[in-house]
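Below you'll find the structure, written out as structure tokens, and then a few comments.
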Amino acid sequence: MNRLDRLVLKGLAISWLVLGRTGAALAVFERMLRRWPDDAYALASRLNLHAQAGRWVEALADSDRLVAVAAGDSHAWFNRGYVLEQLQRWDEALAAFARATELSPKLDRAWYGMGLILIRQQRYDEAVTALKRNTELQPMSPYGWYQLARVHVDRRNPEEAVKIIRHLKGFEPKVAAQLERETGLQAGQPASS
């Protein structure tokens, strides 16, 4: 009966979310957690609702519990890194993103998160490594490319930034134009594929 009860409550919470009733969904997740305090799905869901509402301290409390009960879940560690980043706890966020990439080396968002933290800490060489990995995993996403170009500018390596801008012109011309405006670099025509 416990399994059926859990499925019914999970379905109810999902229904509330589909209807945009996050408060009602939150109440269901809290009910689930009173019955099953270690339910990773309910913890992750409540964490996400707290994060969406900007309740970072509550999200972190859920994250503490989630990584304790689901220590091998890379997404739990990614979410923890994201919450810690919002709380400006940079070193802890970096460690959480690193743990996420250890558990799931193809988790592109965690590499991107690492890159952002490393940029903030002015650890540019390490940021390049993280962002290159992100762009390998998500070659058509402009975000990693944008940050990578900015790092190359900060490292006083404009040639590499120009290569990235040229590359971006082939699939994200608006982002390439933004980089040209922000950096003063001109890349000319897009690179041929």
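To keep it simple, each residue is scored yes or no on (1) in contact (Cβ under 8 Å) with a residue 12 or more places away in the chain; (2) over 16 Å from the mean Cα position of the chain (by Cα).
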position: Ala13; (1), (2): yes, yes
position: Val18; (1), (2): no, yes
position: Leu26; (1), (2): yes, yes
position: Ser63; (1), (2): yes, no
position: Ala68; (1), (2): no, yes
position: Gln86; (1), (2): yes, no
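Just to be sure before I move on: is Phe78 in a helix (DSSP H, G or I), among the aromatic types (Phe, Trp, Tyr) and closer than 22 Å to Ala110 by Cβ in the structure I sent? In short, yes.
Among the residues of region 139-193, write down those that are among the β-branched types (Val, Ile, Thr) and more than 22 Å from Asp125 (Cβ to Cβ). Show your work before the answer.
To start, the set of residues in region 139-193 that are among the β-branched types (Val, Ile, Thr) comprises 151, 153, 162, 164-165, 175, 183.
Across region 139-193, the qualifying residue is only Val175.
Filter region 7-42 down to the residues that are charged (D, E, K, R) and in contact with a helix residue (DSSP H, G or I) (Cβ under 9 Å, 6 or more places away or on another chain) and list them by number. Of everything in region 7-42, those that are charged (D, E, K, R) and in contact with a helix residue (DSSP H, G or I) (Cβ under 9 Å, 6 or more places away or on another chain) turn out to be Lys10, Arg21, Glu30, Arg31, Arg35, Asp38, Asp39. Does Gly170 count as without any contact (Cβ under 8 Å) to a residue 24 or more places away in the chain and either in contact with a helix residue (DSSP H, G or I) (Cβ under 7 Å, 6 or more places away or on another chain) or surrounded by fewer than 21 Cβ atoms within 10 Å (Cβ to Cβ) (or both)? Criteria met by Gly170.
On the stretch given as region 136-167, residues that are under 13 Å from Gly184 (Cα atoms) and β-branched (Val, Ile, Thr) total 3.
Yes/no per residue for (1) under 28 Å from Ala100 (Cα atoms); (2) of a type outside the set (Ser, Thr, Tyr); (3) touching a strand residue (DSSP E or B) at 6+ places or on another chain (Cβ under 6 Å):
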site: Leu116; (1), (2), (3): yes, yes, no
site: Thr135; (1), (2), (3): yes, no, no
site: Ser141; (1), (2), (3): yes, no, no
site: Gln147; (1), (2), (3): yes, yes, no
site: Asp154; (1), (2), (3): yes, yes, no
site: Arg166; (1), (2), (3): no, yes, no
site: Ala187; (1), (2), (3): no, yes, no
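Being among the charged types (D, E, K, R) and out of contact with any helix residue (DSSP H, G or I) (no Cβ under 7 Å at 6 or more places or on another chain) narrows it down to one residue among Arg156, Arg133; which is it? Give the steps one after another, and end with the answer.
On the way: Arg133 fails: out of contact with any helix residue (DSSP H, G or I) (no Cβ under 7 Å at 6 or more places or on another chain).
Sole residue among the options that is among the charged types (D, E, K, R) and out of contact with any helix residue (DSSP H, G or I) (no Cβ under 7 Å at 6 or more places or on another chain): Arg156.
Filtered by the rule that a residue be within 21 Å of Ala110 (Cα to Cα) and in contact with a Leu (Cβ under 8 Å, 6 or more places away or on another chain), region 33-56 gives Ala40, Leu43, Ala44, Arg46, Leu47, Leu49, Trp56. For region 124-177, the set of residues classified as basic (Lys, Arg) and under 22 Å from Ala95 (Cβ atoms) consists of Lys132, Arg133, listed by residue number.
Read-outs throughout are calculated quantities, based only on the coordinates presented, and are distinct from any laboratory measurement. Note that the structure is a prediction, hence the values are computed from the model and not measured. Here the Cβ is made from the backbone with ideal geometry for all residues, glycine too, and neighbour counts use every protein chain on show.
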